[in-house]
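Working notes, beginning with the structure itself.
The values are calculated or read from the model by the stated rules, or taken from the named source; none is laboratory data. Bear in mind that the values here come from a model prediction, so they are computed numbers and not experimental data. In this analysis, Cβ positions are derived from the backbone assuming ideal geometry, glycine residues included, and neighbour counts consider all displayed protein chains.
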Amino acid sequence: MTLTRSGSRSRRKKGRIKRFLLKVLAILLVTPVVLTVVYSVVPPVSTLMLGRYVTLQSVERDFVPLEEISVHLQRGVVISEDSLYCEHGGVDWAAMQTQVESLLEGERARGASTIPMQLAKNLFLWNSRSYLRKAVEAPLAIMLDSMLTKRRLLEVYLNTVEWGEGIFGAEAAAQHYFGVSAKDLSRQQAALMATTLPNPILRNPAKPNAGHRRLASVNQQRMKVAGDVLACTSAERQ
């Protein structure tokens with residue numbers, strides 16, 4: 001009898017743990033979807049911003065609509081970060097496959113993150129690099145791309161991405177580094193800001209080193225010949 005009761009209690013305990021884990025999993029799955037619906041109309045807050053708020057660190061951010069951000073910056077960022085932005089559905093599978101093949105061959109991993117993948121990280125995930133984070137980024141990026149227009153995706157990305165210690169979004173960055181509004185950035189300033197993004201803590205668009213200036217120069221040249229990389233973000237297409 002004692003053994004039977006003990007076994008019954010053990011099964012009930014395991015059942016409670018299983019139900020609890022299933023509830024946690026359901027919350028983890030549903031939360032990004034609910035937040036994406038909210039973020040389709042409300043200015044989002046990134047996990048990095050939340051972390052700074054919680055630890056009482058400063059946050060500079062002024063959310064502005066896409067039309068208030070220089071087209072030079074929009075083009076420069078898309079060209080630098082995700083040149084096939086208008087062509088994929090959240091994930092650049094060809095680039096992803098190339099990266100996996102490089103890893104299998106023992107080569108150093110190269111960036112294959114699209115703008116939706118980077119936005120998924122900014123809004124829902126942690127900042128440190130890991131294969132687990134990359135695996136979660138992909139489905140979240142596909143979800144974001146399917147639920148938000150390309151225009152809104154780019155708008156949210158440019159308003160939440162970190163451009164320096166505690167500096168988030170194009171408007172705050174433009175004001176901080178160049179003393180102008182994001183809509184008034186020149187092509188050169190935009191190129192310097194766009195090529196800051198891979199290393200926003202180490203690169204300063206207002207005080208670029210020689211390497212950074214070269215990257216910005218290449219970005220400017222690519223802007224001239226890249227074609228309409230923003231075709232999918234025009235208001236008429238939404």
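List of remarks:
- Of all residues making up segment 209-231, the number that are surrounded by fewer than 17 Cβ atoms within 10 Å (Cβ to Cβ) and of a type outside the set (Lys, Arg): 11
- Residue within segment 204-212 that is in contact with a Ser or Thr (Cβ under 9 Å, 6 or more places away or on another chain), under 22 Å from Val42 (Cα atoms) and touching a residue at least 12 places away in the same chain (Cβ under 8 Å) present: no
- Within segment 182-238, being assigned to a helix (DSSP H, G or I), at pLDDT below 95 and among the hydroxyl-bearing types (Ser, Thr, Tyr) holds for one residue alone: Thr233.
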